[in-house]
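To start, the structure itself, in structure tokens.
The values are calculated or read from the model by the stated rules, or taken from the named source; none is laboratory data. No experiment lies behind these values; they were computed from the predicted model shown. Because the Cβ atoms are built from the backbone with ideal geometry, glycine has one as well, and the counts that use them run over all protein chains shown. Calculation scope for accessible area: heavy atoms of the full protein, side chains included, ligands and nucleic acids excluded. Shrake-Rupley method; radii C 1.70, N 1.55, O 1.52, S 1.80 Å.
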Amino acid sequence: MPSPNRLNFSPGPGALPQEVLAQASEAIIQAPGTNQSVLGISHRTDWFKNIVSELEAGFRSLLSIPPDYHVLFLQGGSSLQFSMVPMLLLRGTGLTAEYLRTGYWSSKSIPDARLEGEVEVLYDGESSHFNRLPGQDELLHDPSAAYFHYISNETVEGLQFHTLPGLDTVARVCDMSSDFMTAPLDVRNYSLIYAHAQKNLGPSGVTIVILKAGLLTKAPDRIPSMLDYRNHVEMGSIYNTPPVFAIYVTLLVARWLKDSVGGLEKMAAINARKALALYGIMDRHPSFFRLHAADKKDRSLMNLAFHLPTPALEQAFLEQSAAAGFYGLEGHRSLGGLRASLYNSVTEEDVNELLEFMDDFRTRHA
Ligand SMILES: *Cc1c(COP(=O)(O)O)cnc(C)c1O
């Protein structure tokens, strides 16, 4: 067995940096600057208010978030944003919201939007088993749409947009759950971005929302208070009891990104090296490692979904990799096969060990 918290290729909740786990475990006994466990501190203390402010400031600096955008820390996961977004931006407008259906998670986002108004699915990848992303020339946008929603990285299928879809004149809304803070990003291109913490940023329990302040001026009536972004803005993300521990650990990860990694440019370079190494071995042996993504241009740097020539080989791969200490390599239940997730906290050393295992497995079974 390797030392704990290594070789974690889980799709989420995923790996966290070793130093963050050490700090989090100390804070469970005594949070720095207090005489209490982080699990027993009131969310109304100055201590916790400072944690939230430092986290917001950290994100603002890492991503250069402009001042006319709010940064919120909410609950309900990314799945609740599937409802909160159309409640704010679609309900009562009489307009149509445009969605892309590019995989498992975007398929989940559409039914909740339909509860609030008209939805036009501009691209539906179901007939090609969600193995590619549309090009901008395939998307017939309506310039008067209420907003345009897409998922930047389809976590299950391993597809990632490397260009920006949508029109600059229509509010662009993006679910970045599985690639947020993995590379620099121009927030100005978006009206609203959401991403839960548990893939690249921390434990589950907190969801980050970045939204343009102007969106809130035309909010419709009769939104339940917890689902109304305005209440969370007004209370600085402490509207009701927030997930104190998840927010604290997310701050530890933000500090790690800034101080230990050195920022998002550096993080992006590391992430690209990890993914290119794995794609390299797959491209050398494409009949053995069969990627789900059909086109190179759509390949995800975060999740690599693939099959082996037979289900028996996949089973053997899972059993032998687990025995060697690898964790989380099983494909999503909707797709089967295998998947390696290379989130921020997965180290290059871990990826190199996986490469060696894959090479050895192929030599023994090809
Ligand atoms: C994992 C995932 C979700 C689901 O998030 P929850 O926090 O479990 O609701 C939504 N969107 C994407 C892109 C995901 O990868």
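Taking 0.36 nm per residue of separation and subtracting the current Cα-Cα distance, fully stretching the chain between residue 296 and residue 115 would add 61.6 nm.
Between residue 259 and residue 127, residue separation times 0.36 nm minus the direct Cα-Cα distance comes to 43.0 nm. When only alpha carbons are used to place a centre, region 254-274 and region 65-135 end up 29 Å from one another. Counting only whole DSSP H helices of the chain, the ones at least 27 Å long by C-alpha along their axis and with mean Kyte-Doolittle hydropathy no lower than -1.0 are 264-284. When all protein chains stay in place and ligands, DNA and RNA are ignored, the 1.4 Å accessible-area order of 196, 141, largest first, is 141, 196. Of the accessible area of region 20-260, computed with a 1.4 Å probe over protein heavy atoms only, carbon and sulfur atoms account for 51 percent. What the Cβ-Cβ distance of residue 221 and residue 139 gives, at R0 = 41 Å and to the nearest 0.05, is a FRET efficiency of 0.80. If you look at the Cα atoms of the chain, you get an Rg and a Dmax of 20.9, 63 Å. Magnitude of the charge dipole for region 20-260, about its Cα centre and with charges confined to Cβ atoms of Lys, Arg (+1) and Asp, Glu (-1), is about 620 debye. Region 215-243 and region 23-45 have Cα centres spaced 27 Å apart. Averaged per residue, the chain has 42 square angstrom of accessible surface, using a 1.4 angstrom probe with ligands and nucleic acids left out. For region 168-253, the spread of Cα positions along the three principal axes, ordered from largest to smallest, is 35, 33, 15 Å. Here residue 296 is the anchor, and the lysines within straight C-alpha reach of less than 20 Å, apart from those fewer than 8 places off in the same chain, are 274.
Taking every DSSP bridge with both residues inside region 20-260, close to 45 percent are antiparallel.
The Cα atoms of region 263-365 define a convex hull whose projected area, averaged across directions, is 6.6 nm². When the C-alpha to C-alpha distance is required to be over 24 Å, the pairs from 108/258; 266/297; 212/297; 108/266 that qualify are 108/258; 212/297; 108/266.
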